[in-house]
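Structure first, commentary second.
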Amino acid sequence: MNMNFDLADLRAFIAVAELASFRAAAETIHLSQPALSRRIDKLEDALGVRLFDRDTRNVELTAVGRDFARKSRSLLDDLDTILLGVRDVAANRWGQVTLACIPSTVHYFLPTVLRQYHERFPRIRVHIIDESANEVLSAVVHGEAELGLDMTGSDEPTIEFEPLLSESFVAACLRDHPLARQRTVTWAELGRYDFMTVDKASGNRLVMDLALASTRERPQPCFETRHVSTLVSFVESGLGVAAVPRLSMPRKGHPSLVSVPIVEPEVTRTVGLIKRRGRSLSPAAEHLYAMLRAVAHKQIAAGKNSTPAQRAGSTAGPDAGRGGRTRSRRTADVR
């Protein structure tokens, strides 16, 4: 069967079927009567059946025409619904966007952004994948997430990495711990206490290992975990001290935890937005990407991403009073 017809032919057929008049149908869809007749002839030729019985006065659907008209109306209604849905997605009226992120970025970025995003696009569902750096990268590479917040990806050829901020590792300890009274702490000093760190499967461990490769006095861990959040919980429970990214620590004013800048060397990591290179984001994801970037830049401009030297004393205990000597700095940015 030659199925050489299009949607315009179907719409012309439905117009004639509903109005029972070629003249009225031609006026309604803004065609000349000859052009309308050609469309109906074309449709009948493609289907191999007569759809109308017509003479100079009357136009009536045949039995086949009545059945075809019913199915065609349903088809066109479904198509209109689909097209309206696509327009709604394009206009950000509904849909879903998936964001993958390392857990340490959640408190820093997401509450403000998600609140603003939900207020602007209340019918868009945001799915969060909070996993390790490697799993976040994998989720974006394989299309499970449209975009991600990660510290890896700059060396991945299929990934576009946009740096947002660089943050230092800090010592996490209890407020009554001896280190809490210091303005800064060295890695060697951390080794004098029960030290905890993430294991080698963690991207944060890779950052530290690269930065401390030539450091002679580096602390040896008594506990290793997969996630930084577990380390922070262990510190809060009094198991020891830990080196964690600054974003992983609770906000200022925590009743029991303190963060102290680590020096000799200072170790930093770069956190950025990732997406697949050469792939367009959906409109919903594009807006979320832009809002995440804007919030990060705003917080940096407000001074929330200052260096440890600038922050010295601001996060340590109330008796902080040490400092003033020259310190070395070694940075390992694994993006």
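The values are calculated or read from the model by the stated rules, or taken from the named source; none is laboratory data. The structure displayed is predicted, hence computed values, not measured ones. A quick note on method: Cβ atoms are made from the backbone with ideal geometry, for glycine too, and the neighbour counts reach across all protein chains shown. Each accessible area value is taken on the protein alone, full model and side chains, heavy atoms only, with ligands, DNA and RNA left out. Shrake-Rupley method; radii C 1.70, N 1.55, O 1.52, S 1.80 Å.
Of the residues making up the range 119-131, those that are buried (at least 17 other Cβ atoms within 10 Å of the Cβ) and over 13 Å from Val97 (Cβ atoms) are Asp130, Glu131.
Could you run through the range 218-247 and say how many residues are touching a residue at least 60 places away in the same chain (Cβ under 8 Å), surrounded by fewer than 19 Cβ atoms within 10 Å (Cβ to Cβ) and of a type in the set (Gly, Ala, Ser)? Show your work before the answer.
Narrowing the range 218-247 to residues touching a residue at least 60 places away in the same chain (Cβ under 8 Å): 226-229, 232, 235-236, 238, 241-247.
Still in the list and also surrounded by fewer than 19 Cβ atoms within 10 Å (Cβ to Cβ): 226, 229, 236, 238.
Right, trim to of a type in the set (Gly, Ala, Ser) and you get 229, 238.
Here the count works out to 2.
Number of residues in the range 90-102 that are at pLDDT 85 or above and either surrounded by fewer than 23 Cβ atoms within 10 Å (Cβ to Cβ) or assigned to a helix (DSSP H, G or I) (or both): the value is 1. None of Arg73, Arg57 is out of contact with any Pro (no Cβ under 8 Å at 6 or more places or on another chain), surrounded by 13 or more Cβ atoms within 10 Å (Cβ to Cβ) and at pLDDT below 85 except Arg73.
From the list Ala172, Ala213, which residue is small (Gly, Ala, Ser), closer than 23 Å to Thr270 by Cβ and assigned to a loop (DSSP other than H, G, I, E, B)?
Details: Ala172 fails: assigned to a loop (DSSP other than H, G, I, E, B).
Only one candidate passes the filter, namely Ala213.
The residue that is most open to solvent (accessible area, probe 1.4 Å), counting only those in the range 148-158 that are small (Gly, Ala, Ser) and at pLDDT below 90, is Ser154. Does Leu281 count as open to solvent by less than 50 Å² (accessible area, probe 1.4 Å), assigned to a loop (DSSP other than H, G, I, E, B) and within 20 Å of Gly153 (Cβ to Cβ)? Taking the combined requirement at face value, the residue satisfies it.
Here is a list: Pro265, Pro261, Pro250. Which entry is at pLDDT 90 or above, surrounded by 14 or more Cβ atoms within 10 Å (Cβ to Cβ), at negative phi and in a loop (DSSP other than H, G, I, E, B)? Full working, then the answer.
Values: Pro261 fails: in a loop (DSSP other than H, G, I, E, B); Pro250 fails: at pLDDT 90 or above.
None of the other options fit; the residue is Pro265.
Of the residues Leu31, Leu7, the single one that is crowded, with 18+ Cβ neighbours inside 10 Å and under 23 Å from Leu79 (Cβ atoms) is Leu31. Applying the criterion of being among the acidic types (Asp, Glu) and open to solvent by 30 Å² or more (accessible area, probe 1.4 Å) to the residues of the range 161-198, the residue that is nearest to Leu147 (Cα to Cα) is Glu162. Candidates are the residues of the range 34-53 that are in contact (Cβ under 8 Å) with a residue 12 or more places away in the chain and open to solvent by 90 Å² or more (accessible area, probe 1.4 Å); the one that is farthest from Arg70 (Cα to Cα) is Asp45. In the condition set (1) open to solvent by 10 Å² or more (accessible area, probe 1.4 Å); (2) at pLDDT 90 or above; (3) assigned to a loop (DSSP other than H, G, I, E, B), Ala145 is compliant with all but (1).
State yes or no: is Arg11 in contact (Cβ under 8 Å) with a residue 12 or more places away in the chain, in a helix (DSSP H, G or I) and not acidic (Asp, Glu)? Step through it out loud before you land on a result.
Numbers: in contact (Cβ under 8 Å) with a residue 12 or more places away in the chain: yes; in a helix (DSSP H, G or I): yes; not acidic (Asp, Glu): yes.
Taking the combined requirement at face value, the residue satisfies it.
Taking the conditions (1) farther than 15 Å from Glu146 by Cβ; (2) touching a residue at least 60 places away in the same chain (Cβ under 8 Å); (3) among the small types (Gly, Ala, Ser); (4) touching a helix residue (DSSP H, G or I) at 6+ places or on another chain (Cβ under 9 Å) in turn, Ala284 satisfies each one other than (1). Select from the range 132-142 the residues that are surrounded by fewer than 24 Cβ atoms within 10 Å (Cβ to Cβ) and touching a helix residue (DSSP H, G or I) at 6+ places or on another chain (Cβ under 7 Å) and write down the one among them that is farthest from Ser248 (Cα to Cα). Ranking the qualifying residues of the range 132-142, first place goes to Asn134. Residues that are more than 29 Å from Val263 (Cα to Cα), within 13 Å of the chain's Cα centre (by Cα) and not acidic (Asp, Glu) within the range 139-179 comprise Ala139, Val140, Val141, Gly143, Ala145, Leu147, Gly148, listed in sequence order.
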